[in-house]
Amino acid sequence: MTEPILTTRSLRKSFGALAATDDVSLDLRPGEIHALIGPNGAGKSTLIKQIAGEIAPDSGTIHFAGQDITTKHAAARARLGMARTYQISSVAPDFTVLQNVVLSLVARHHGAFGLFRNVLKDRRLTDAAREHIARAGLSGRERQRATDLSHGERRRLEIAMALAQSPKLFLLDEPMAGLGTEGASELTGLLDGLRQQAPILLVEHDMDAVFALADRISVLVYGRVIATGTVAEIRANAEVRTAYLGEDA
Ligand SMILES: Nc1ncnc2c1ncn2[C@@H]1O[C@H](COP(=O)(O)OP(=O)(O)OP(=O)(O)O)[C@@H](O)[C@H]1O
């Protein structure tokens, strides 16, 4: 089987007496969407923050793209190709869609393209930016200021900016939050195609989206993974039904 892109082993993180992440081992394989679900306070965000490098684990290891990144800073992980849309909400509200994606491309190339007013005239950059914008379903909105976008369009802009980072992995923390049914279903279609570009670790409460997208699901309860499996396996798991899915299972 192909090597996982991301592996966590026995990750632990406590806040005082509370074990927010308790012995978490999981992996993300090429081409897959691995969803992380669980009740409020189960430790999903704490786990994502450790993977992104915003919180240091008390113990355990994280490997990404063949390297031990456990002690690397968030910026170093981003440079290795870890794209986090929530974090990439460095969307500049007064800049246009095109300008924001060009900025993201320039950031990826460590400013090798010179002054911003000049890079906007660089066809290599604007053409590449337009491609990412199209892949994120925002064609035609290039000249729109970010602040004037709808909620769903802004999510798409964040994805276009993440695509500009040549990601090896997407960390998506509740991308469906705040979207209506139609917006969530559109974004589900977009994420479905995105897994070809890079695998996705998806934290999401919207179970329609999770069941539609996930190749595998891990269920966190009180910081522990109580089950990992396919959608069918998770839906049929009695412990998961009791702990999380309840009547909806
Ligand atoms: N900085 C912190 N200091 C103290 N306790 C924290 C801190 N961050 C999180 N916690 C606690 O750790 C536990 C896990 O929180 P976390 O936000 O990771 O859960 P979650 O599964 O993401 O929840 P939600 O679905 O509501 O976003 C919770 O009990 C929370 O109160």
Sum up the lysine pairs in the chain that clear both bars: alpha-carbon distance under 17 Å and a spacing of 8 or more or different chains.
-> 5
Mean shadow area (nm²) of the C-alpha convex hull around the chain is 13.9
Charged-residue dipole, Cβ positions (Lys, Arg, Asp, Glu), the chain about Cα centre, Debye nearest 20 | 1040
Residue-normalised accessible area of the stretch 89-165, expressed per residue, 1.4 Å probe, Å² | 51
Among all stretches of the chain without exposed trypsin sites (Lys or Arg not before Pro) (DSSP loop, at most 10 other Cβ atoms within 10 Å), which one is longest?
-> 1-120
Summarise the accessible area of the stretch 89-165 (1.4 Å probe, protein heavy atoms) by the percent that is carbon and sulfur.
-> 49
Integer Hz, Karplus 6.51/-1.76/1.60 couplings in order for the stretch 134-148, x for Gly and Pro = 5, 4, 8, x, 10, 4, x, 9, 3, 8, 6, 6, 4, 5, 8
If each K or R counts +1 and each D or E counts -1, the residues other than Arg224 whose Cβ falls under 13 Å of its Cβ total 0
Just going by the charge dipole of the chain, with Lys and Arg at +1 and Asp and Glu at -1 on Cβ, which of Leu213, Phe15, Leu157 is farthest out on the positive end?
-> Leu157
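The values are calculated or read from the model by the stated rules, or taken from the named source; none is laboratory data. Keep in mind it's a predicted model, so treat the numbers as computed, not measured. When we count neighbours, we look across all protein chains shown, and the Cβ atoms used for this are built from the backbone with ideal geometry, even at glycine. Side chains included, ligands, DNA and RNA excluded: accessible areas come from the protein's heavy atoms. Shrake-Rupley method; radii C 1.70, N 1.55, O 1.52, S 1.80 Å.
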